[in-house]
Amino acid sequence: MTGSKIRSGMTRLVPYAFILPPMIYLMVFMFWPLARQMYMSLTNTRIINPNRGRFIGLGNYERLFDDPAFYLSLKATLVYAVLAVVFGVSLGVISALAIDRPFKGRAIVRAILLFGWAVPNVAASLIWLWMYNDRSGVFNRMTEFLGLGRFPWLTSTELALGSILAVTVWQVAPFVMLVVLAALQSVPHEVREAARIDGADELSTFRAVTLPHIRPAIQLASLLVCVWSIRRFDIIYLLTGGGPVGTTSTLVVKIRQTAFEGHELGMASAYGAVGLVLALAIAALHYAVEQRRMKWMSR
């Protein structure tokens, strides 16, 4: 009797034994550094003496919200993230719909479309940096051939953010294509055929049959692209360094500038806290929309 109780108790502990290692990992490498950063945002810690930061409460946040550069950075982040989702997801969905149909050479086309996603960020930045070159870049050669002259793609306040956005869309669209293509493979072929037999055209079949099946995949891809865009650093920093005049200085780039150029770790942590809240707000919005959709489907 006692042995069976012991075995029963050990059986109940098995799920906790599996959960414990990832929980320890998250506590050590995620929650503790996050809590440390949140506390640091309440201090005047500087990089030259990181162990002597004094607690100043919300002083960093007061400076943050009084600084016009913060709002410029927030605006650049939101515009960049929203446009990356709009163009990246749209192009990815269109590409997935195009290669979902069987045609000769589809495997080659799929491999070509995946190239942007497979290239490392640093290599992609160097490729596009050469293409955007004012003198010998591909784009300026094309515009000169068309009689439009040269454009300062990365040094113009009007063109810099759009130029970086083009690189981002080139990278994220293939990922969206893969996610949506996987969802398209799960759409029942019989349902599509039944819609066509009933006289539905291609657009009606897509709206009534295909879109409801791939909508969760599109929403998930949109969430991931948005969060990735908020935290993207390498491409922006390598192409423009946050310039010109801060027009491409997103929150993540601003964190680097504040910490390693301004030497203010406390202020940089405050920027990081704002970015974290922004990402959590977007995730919460996605969750609310998904819950509303599930309730509507269950009726």
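The values are calculated or read from the model by the stated rules, or taken from the named source; none is laboratory data. Just so you know, these numbers come straight off a predicted model, no measurement behind them. Please note: Cβ atoms are built from the backbone with ideal geometry, for glycine as well, and neighbour counts cover all protein chains shown. SASA here: full protein model, heavy atoms, side chains in, ligands and nucleic acids out. Shrake-Rupley method; radii C 1.70, N 1.55, O 1.52, S 1.80 Å.
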Candidates Ala111, Ala173 - the one that is at pLDDT below 90 and under 29 Å from Pro212 (Cα atoms): Ala111
Any hit, segment 244-262, residues being touching an Asp or Glu at 6+ places or on another chain (Cβ under 8 Å) and within 30 Å of Trp296 (Cα to Cα): no
Test set (1) crowded, with 17+ Cβ neighbours inside 10 Å; (2) closer than 30 Å to Trp153 by Cβ - Ala270 fails condition number: (2)
Test result for Val122, at pLDDT 85 or above, within 24 Å of Leu178 (Cα to Cα) and open to solvent by 70 Å² or more (accessible area, probe 1.4 Å): yes
Positions within segment 233-252 being assigned to a helix (DSSP H, G or I) and open to solvent by 60 Å² or more (accessible area, probe 1.4 Å), in sequence order: Tyr237, Leu238
Residues of segment 253-299 satisfying the condition of being over 16 Å from Arg231 (Cβ atoms), part of a helix (DSSP H, G or I) and among the charged types (D, E, K, R): Glu261, Glu290, Arg292, Arg293, Lys295
Test result for Ile94, within 20 Å of the chain's Cα centre (by Cα) and open to solvent by 80 Å² or more (accessible area, probe 1.4 Å): yes
Filter result (of a type in the set (Ser, Thr, Tyr) and either surrounded by fewer than 18 Cβ atoms within 10 Å (Cβ to Cβ) or not in a helix (DSSP H, G or I) (or both)) within segment 152-176: Thr155, Ser156, Thr157
In segment 37-63, residue most open to solvent (accessible area, probe 1.4 Å) [restricted to those that are part of a helix (DSSP H, G or I) and under 14 Å from Ala259 (Cβ atoms)]: Gln37
Unmet criterion (only one of (1) part of a helix (DSSP H, G or I); (2) free of Cβ contacts under 8 Å to residues at least 40 places away in the same chain) for Gly149: (1)
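Against the condition open to solvent by less than 70 Å² (accessible area, probe 1.4 Å) and not aromatic (Phe, Trp, Tyr), how does Leu184 come out, does it pass?
yes
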Qualifying position, being closer than 20 Å to Ala35 by Cα and surrounded by fewer than 14 Cβ atoms within 10 Å (Cβ to Cβ), among Leu280, Leu276, Leu265: Leu280
Test: Pro21 is in a helix (DSSP H, G or I), more than 20 Å from Gly275 (Cβ to Cβ) and without any contact (Cβ under 8 Å) to a residue 60 or more places away in the chain: yes
